[in-house]
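Visitor: Submitted below is the structure of interest, expressed as structure tokens.
The values are calculated or read from the model by the stated rules, or taken from the named source; none is laboratory data. The shown structure was predicted, so the numbers you read here are calculated from the model rather than taken from an experiment. Please note: Cβ atoms are built from the backbone with ideal geometry, for glycine as well, and neighbour counts cover all protein chains shown.
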Amino acid sequence: MTHCLTPLSGVKSSKSGSLGIRGQTISVVQYVIKRFKEENRIENKVRKGRPAKLTERDQRFIIRKFVKNSRLSALKVSAEFNEKFSTSISPEIVRRVLKATGLNGRSALRKFFIKANITFRWTYNGMEKKNEELNPKNLVGTVKYGGRGVLVWGCMSASGLDNDPMHTALNVRFWCLYNCPQNLKTPPQSPDLNPIEHIWRELEVRVRKHDIKTKSELKTVMTEEWMNIDAEITIKKLVKSIPKRLKAVVDAKGYPTKY
């Protein structure tokens, strides 16, 4: 804008005329012309302090990533940026760039899928302009009568059993009575002392990465992801954490713990 105003500074034209030509406010036009006459410059002075870490090109790269795929995370974009450019940035810098641009993080809305002919009618009636939160690429589609879950049973053990009465048959309890007199009866609804709750959480995270539409698909995905959980690392590590869990429960006097 300042480069365009330079030829006007030596011409006797009204401020309102410059305003109409350049699309700027009168105060901006007055300030730029005054600065050019008094200081013979149109650029802003170099400001004090640390310069910006990202150039305009870097910022455009970040914005382009989110415009193309709004489901990306700041952590993933920062990692991709660090691999491509010599400058190293953190996810917080990515969030600041997005906020300055007006792009804010939101949870995806859940909306049902529609047929192609309905989409055509909406567009024809002048509804093609949608808010960003209702943009189809930012929505999580739902299927009517297809969201019902399935009931599954699972167990984990490094060596032994969890002694939950709901999971123990009568003959097993008799065997434990004569062979394991010091069995510890763990409460079945205590996530502090039931590490399998963490396994259920791990399974849920894995299953949600799939696009599931039917119960049969859900059962198949759950079975596959359950088998993919590394028992040597995940399950045995959780079982071995029982002594720490017991100590945490005692220290908390029965109140919730970090587990």
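Visitor: M166 is checked against (1) part of a helix (DSSP H, G or I); (2) surrounded by fewer than 10 Cβ atoms within 10 Å (Cβ to Cβ); (3) at pLDDT 60 or above and fails just one. What number does that condition carry?
Guide: M166 satisfies all of (1) part of a helix (DSSP H, G or I); (2) surrounded by fewer than 10 Cβ atoms within 10 Å (Cβ to Cβ); (3) at pLDDT 60 or above except (3).
Visitor: Tell me which residues, restricted to segment 210-239, are loosely packed, with under 12 Cβ neighbours inside 10 Å, in a helix (DSSP H, G or I) and under 25 Å from the mean Cα position of the chain (by Cα). So that I can check it myself, show each step before the final result.
Guide: Of the residues in segment 210-239, the ones loosely packed, with under 12 Cβ neighbours inside 10 Å are 211, 214, 216, 223, 227-228, 230, 232-233.
Okay, now just the ones that are also in a helix (DSSP H, G or I), so 216, 223, 227-228, 232-233.
Correct list: N228 only.
Visitor: Being at negative phi, at pLDDT 80 or above and assigned to a loop (DSSP other than H, G, I, E, B) is the requirement here; does K185 meet it? Walk me through it before giving the result.
Guide: On the way: at negative phi: yes; at pLDDT 80 or above: no; assigned to a loop (DSSP other than H, G, I, E, B): yes.
Criteria not met by K185.
Visitor: I've got another one for you. Suppose the filter is surrounded by 14 or more Cβ atoms within 10 Å (Cβ to Cβ) and not assigned by the TED database to the domain that holds M156; does T257 pass it? Write out each step before concluding.
Guide: Working: surrounded by 14 or more Cβ atoms within 10 Å (Cβ to Cβ): yes; not assigned by the TED database to the domain that holds M156: yes.
Answer is yes for this residue.
Visitor: Now for a separate question. Check S90, S86, S73 and return the single one that is within 21 Å of K209 (Cα to Cα) and surrounded by fewer than 18 Cβ atoms within 10 Å (Cβ to Cβ).
Guide: Numbers: S90 fails: within 21 Å of K209 (Cα to Cα); S86 fails: within 21 Å of K209 (Cα to Cα).
Within the list S90, S86, S73, the selection yields S73.
Visitor: Being part of a helix (DSSP H, G or I), hydroxyl-bearing (S, T, Y), modelled with pLDDT of 80 or more and out of contact with any strand residue (DSSP E or B) (no Cβ under 9 Å at 6 or more places or on another chain), is that true of even one residue in segment 75-98?
Guide: Residues of segment 75-98 part of a helix (DSSP H, G or I): 75-84, 91-98.
So of that shortlist, the ones also hydroxyl-bearing (S, T, Y) come out as 78.
Imposing the further condition that a residue be modelled with pLDDT of 80 or more reduces the set to 78.
Next, only the ones that are out of contact with any strand residue (DSSP E or B) (no Cβ under 9 Å at 6 or more places or on another chain) stay: 78.
There is at least one residue in segment 75-98 that is part of a helix (DSSP H, G or I), hydroxyl-bearing (S, T, Y), modelled with pLDDT of 80 or more and out of contact with any strand residue (DSSP E or B) (no Cβ under 9 Å at 6 or more places or on another chain).
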